[in-house]
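Asker: Supplied in structure tokens, the structure appears directly below.
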Amino acid sequence: NGEQLQVSAVIEMFTSQGCSSCPPADQLLEGYAKRRDVMALSFPVDYWDYLGWTDTLASAKNSERQRAYAKSRGDGAVYTPQAVINGSAHTVGSDRTQIERQIAKTSMAFAEKRVPMRFWRTSSMIVVEVASANTPPAKEATIWLAPVDEVVEVAVRRGENHGKKLKYYNVVHELMPIGVWNGKAMRIQLSAQPFLKPGNMRYPVLMQEGTSGPIIGAAWLGL
């Protein structure tokens, strides 16, 4: 089961193959994706598909998640490329300085609220352990599991990025709710079969207040 490195920041990058300002953000995410102390995830959205190129990785659920964040924050800001930091702040996804600033701004709140989580697999099960809270949480938290593609290369043949080969990192296909945490220590055991997919996949687990509030826990599957 080994010791798992603590995730100090979660970056969710909302991006689209149909958006000409997104490739620099996708490239920037590569550096974060290679860090073990940061959980950097790509969430391809589908609302630019009408511009002439259907994003091959996008899902309506990713677009819904981005809108839910905008509603939770109360600012209504939905755009690409957008980096959502620790579930509570956002900035333009291609601006490293601003991303670093938002990580710094939200890291104290994340550290204060962070709930220790461990995530590993046995031969047939995946197991998530969540610690108890020191003080009762303000609201219940959703625990999400997401199979992500480590690297995906896409040749875009139409639209704003016509003729480009784009690379995406830690691409989320679906966030699956696997439990609800109410402040008490808990263990979730699931059959590994339905979740583990072939190919070069990684598996993050996230916990956040409500379904689109601040992130309070994160861990990678330890193999």
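The values are calculated or read from the model by the stated rules, or taken from the named source; none is laboratory data. These numbers come from a predicted model, not from an experiment. In this analysis, Cβ positions are derived from the backbone assuming ideal geometry, glycine residues included, and neighbour counts consider all displayed protein chains. What goes into the accessible areas is simple: the full protein's heavy atoms, side chains included, and nothing from ligands, DNA or RNA. Shrake-Rupley method; radii C 1.70, N 1.55, O 1.52, S 1.80 Å.
Asker: Looking only at the stretch 150-164, filter to residues that are free of Cβ contacts under 8 Å to residues at least 40 places away in the same chain and either closer than 13 Å to residue 16 by Cα or not in a loop (DSSP other than H, G, I, E, B) (or both); which one of those is least open to solvent (accessible area, probe 1.4 Å)?
Answerer: Here the residue is 155.
Let's see how each residue does on (1) at positive phi; (2) touching a Leu at 6+ places or on another chain (Cβ under 9 Å); (3) modelled with pLDDT under 95:
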{"position": "185", "(1), (2), (3)": "no, no, no"}
{"position": "191", "(1), (2), (3)": "no, no, yes"}
{"position": "194", "(1), (2), (3)": "no, no, yes"}
{"position": "200", "(1), (2), (3)": "no, no, yes"}
{"position": "203", "(1), (2), (3)": "no, yes, yes"}
{"position": "209", "(1), (2), (3)": "no, no, no"}
{"position": "215", "(1), (2), (3)": "no, yes, no"}
{"position": "220", "(1), (2), (3)": "no, yes, yes"}
{"position": "223", "(1), (2), (3)": "no, no, yes"}
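Asker: Okay, moving on. Of the residues 211, 135, which is among the hydroxyl-bearing types (Ser, Thr, Tyr), in contact with a Ser or Thr (Cβ under 7 Å, 6 or more places away or on another chain) and open to solvent by 70 Å² or more (accessible area, probe 1.4 Å)? Quick ask: steps written out before the conclusion?
Answerer: Values: 135 fails: in contact with a Ser or Thr (Cβ under 7 Å, 6 or more places away or on another chain).
None of the other options fit; the residue is 211.
Asker: Condition check: closer than 27 Å to residue 66 by Cβ and either open to solvent by 40 Å² or more (accessible area, probe 1.4 Å) or not hydroxyl-bearing (Ser, Thr, Tyr) (or both). Does residue 197 satisfy that?
Answerer: Yes: the conditions hold for residue 197.
Asker: Now a separate question. Taking the conditions exactly as written (buried (at least 16 other Cβ atoms within 10 Å of the Cβ) and under 16 Å from residue 213 (Cα atoms)), does residue 143 satisfy them or not?
Answerer: yes
Asker: Would you confirm whether any residue within the stretch 55-72 is open to solvent by less than 30 Å² (accessible area, probe 1.4 Å), closer than 30 Å to residue 158 by Cβ and among the β-branched types (Val, Ile, Thr)?
Answerer: Taking every residue of the stretch 55-72 in turn, none turns out to be open to solvent by less than 30 Å² (accessible area, probe 1.4 Å), closer than 30 Å to residue 158 by Cβ and among the β-branched types (Val, Ile, Thr).
Asker: Next question, about the same structure. Look at the stretch 81-98 and say how many of its residues are in contact (Cβ under 8 Å) with a residue 40 or more places away in the chain and within 15 Å of the chain's Cα centre (by Cα).
Answerer: Residues in the stretch 81-98 being in contact (Cβ under 8 Å) with a residue 40 or more places away in the chain and within 15 Å of the chain's Cα centre (by Cα): 9 in total.
Asker: To continue, here is another question. If you check every pair at least six apart or on different chains, which have Cβ atoms under 9 Å apart with a residue in the stretch 101-125 that is closer than 16 Å to residue 145 by Cβ and in contact (Cβ under 8 Å) with a residue 40 or more places away in the chain first and a residue that is among the hydrophobic types (A, V, I, L, M, F, W, C) and open to solvent by 60 Å² or more (accessible area, probe 1.4 Å) second?
Answerer: Filtered contacts from the stretch 101-125: 120/223; 121/223.
Asker: So which residues in the stretch 171-193 are within 20 Å of the chain's Cα centre (by Cα), over 24 Å from residue 83 (Cα atoms) and open to solvent by 40 Å² or more (accessible area, probe 1.4 Å)?
Answerer: 180
Asker: Ok, one more. Taking the stretch 7-47 as the search range and keeping residues that are without any contact (Cβ under 8 Å) to a residue 40 or more places away in the chain and touching an Asp or Glu at 6+ places or on another chain (Cβ under 9 Å), which one is nearest to residue 151 (Cα to Cα)?
Answerer: Filtering the stretch 7-47 for residues that are without any contact (Cβ under 8 Å) to a residue 40 or more places away in the chain and touching an Asp or Glu at 6+ places or on another chain (Cβ under 9 Å), the one nearest to residue 151 (Cα to Cα) comes out as 45.
Asker: Of the residues that sit in the stretch 90-108 and are aliphatic (A, V, I, L, M) and more than 15 Å from residue 40 (Cβ to Cβ), which one is most open to solvent (accessible area, probe 1.4 Å)?
Answerer: 108
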